[in-house]
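Encoded as structure tokens, the structure appears first; notes follow it.
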Amino acid sequence: MKFYRLKNEYVNYLKTFDNKVQDNYNGTRAYIGIVVHIGLYNYFAPLSSYKKSQDKYKKNDTIFKLHSRTNENDKLGLIHINNMIPVLPTELEEIIFANEEEKYSILLQKQYQFILSNEAKINEQAERLYRRVVEKKEIFFVNLSCNFQLLEEKCLLFNKKDENKLHN
């Protein structure tokens, strides 16, 4: 499991179909996340750094809270599993920690270590949320999550829109 950034054009494209796709802010606020595999698709699940408001979030399948491996009170943020989006490999840019600002790099490394030690749990939770939204259509989770099926269709069409430009 690695950390990635998504390309602006792809994020903006998906946002035209689903307003739950998180903003990329033209790269000014990094859209960093991990990739999980669900069925035939790779899904990009965005991360966020810790904010005090996250303390009130109740544990459920939409988010995965991150903290230091050695201290649960050292809160590092969360993974927004409900905002995961299908992604093409061409739209991912791997994060190199050494290329980031030092303070930010340290946070990313702490998050990364925790995620690696919980990789199986994160994958299971992402798959469970996907089933709750797509197969079971549980309204609570549908209302909080991206429209996974629609975004899968649009993901597959993303490269085709570029091919159509070449043939016109």
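The values are calculated or read from the model by the stated rules, or taken from the named source; none is laboratory data. The structure presented is a predicted model; accordingly, all values stated were derived computationally and were not measured. In this analysis, Cβ positions are derived from the backbone assuming ideal geometry, glycine residues included, and neighbour counts consider all displayed protein chains.
Taking every residue in segment 130-150 that is touching a residue at least 60 places away in the same chain (Cβ under 8 Å) and over 18 Å from Val87 (Cα atoms) and pairing it with any residue that is of a type in the set (Val, Ile, Thr) and in a loop (DSSP other than H, G, I, E, B), at least 6 positions away or on another chain, the pairs with Cβ-Cβ distances below 8 Å are Phe141/Thr62; Leu144/Thr62. Only one entry of Tyr57, Tyr25, Tyr41 meets the criterion of being aromatic (Phe, Trp, Tyr) and farther than 21 Å from Asn123 by Cβ, and that entry is Tyr25.
Can you tell me which residues in segment 68-83 are of a type in the set (Gly, Ala, Ser) and under 30 Å from Leu150 (Cβ atoms)? If the condition is that a residue be of a type in the set (Gly, Ala, Ser) and under 30 Å from Leu150 (Cβ atoms), then Gly77 is the only one that fits. Among the residues of segment 144-153, some residue qualifies, meaning at least one is within 12 Å of Asp61 (Cα to Cα), modelled with pLDDT of 95 or more and surrounded by 12 or more Cβ atoms within 10 Å (Cβ to Cβ). In segment 44-86, the qualifying residues are those that are touching a strand residue (DSSP E or B) at 6+ places or on another chain (Cβ under 7 Å) and charged (D, E, K, R), and the one that is farthest from Arg132 (Cα to Cα) is Asp74. Tell me, yes or no, whether segment 107-127 has at least one residue that is under 17 Å from the mean Cα position of the chain (by Cα), within 30 Å of Leu156 (Cβ to Cβ) and basic (Lys, Arg). Yes - at least one qualifying residue is present in segment 107-127.
Report yes if some residue within segment 19-32 is within 12 Å of Ile79 (Cβ to Cβ), aliphatic (A, V, I, L, M), in contact with a Phe, Trp or Tyr (Cβ under 6 Å, 6 or more places away or on another chain) and not in a loop (DSSP other than H, G, I, E, B); otherwise report no. The answer is yes, given that some residue of segment 19-32 is within 12 Å of Ile79 (Cβ to Cβ), aliphatic (A, V, I, L, M), in contact with a Phe, Trp or Tyr (Cβ under 6 Å, 6 or more places away or on another chain) and not in a loop (DSSP other than H, G, I, E, B).
Looking only at residues that are at pLDDT below 90 and closer than 18 Å to Asn82 by Cβ in segment 15-31, which one is nearest to the chain's Cα centre (by Cα)? Steps first, please.
Pass one, segment 15-31, residues at pLDDT below 90: 23-31.
Now narrow it down to the ones that are closer than 18 Å to Asn82 by Cβ: 23-24, 31.
Details: Asp23: 12, Asn24: 12, Tyr31: 8 Å.
Checked segment 15-31; the qualifying residue nearest to the chain's Cα centre (by Cα) is Tyr31.
Any residue in segment 154-166 that is of a type outside the set (Phe, Trp, Tyr), within 20 Å of Asn19 (Cα to Cα), at pLDDT 95 or above and under 19 Å from the mean Cα position of the chain (by Cα)? Checked segment 154-166: at least one residue is of a type outside the set (Phe, Trp, Tyr), within 20 Å of Asn19 (Cα to Cα), at pLDDT 95 or above and under 19 Å from the mean Cα position of the chain (by Cα). I'd like the residue in segment 44-84 that is of a type in the set (S, T, N, Q) and in a loop (DSSP other than H, G, I, E, B) and, out of all such residues, is modelled with the highest pLDDT. Residue satisfying both the conditions and the ranking: Thr62.
Would you confirm whether any residue within segment 122-134 is outside any helix (DSSP H, G or I) and surrounded by 12 or more Cβ atoms within 10 Å (Cβ to Cβ)? Looking through segment 122-134, none of the residues is outside any helix (DSSP H, G or I) and surrounded by 12 or more Cβ atoms within 10 Å (Cβ to Cβ). Please work out if Arg5 is modelled with pLDDT under 95, out of contact with any strand residue (DSSP E or B) (no Cβ under 9 Å at 6 or more places or on another chain) and closer than 20 Å to Ile106 by Cβ. Taking the combined requirement at face value, the residue does not satisfy it. Scanning segment 16-75 for residues that are surrounded by 20 or more Cβ atoms within 10 Å (Cβ to Cβ), free of Cβ contacts under 8 Å to residues at least 24 places away in the same chain and closer than 22 Å to Gln113 by Cα turns up just one, Ile63.
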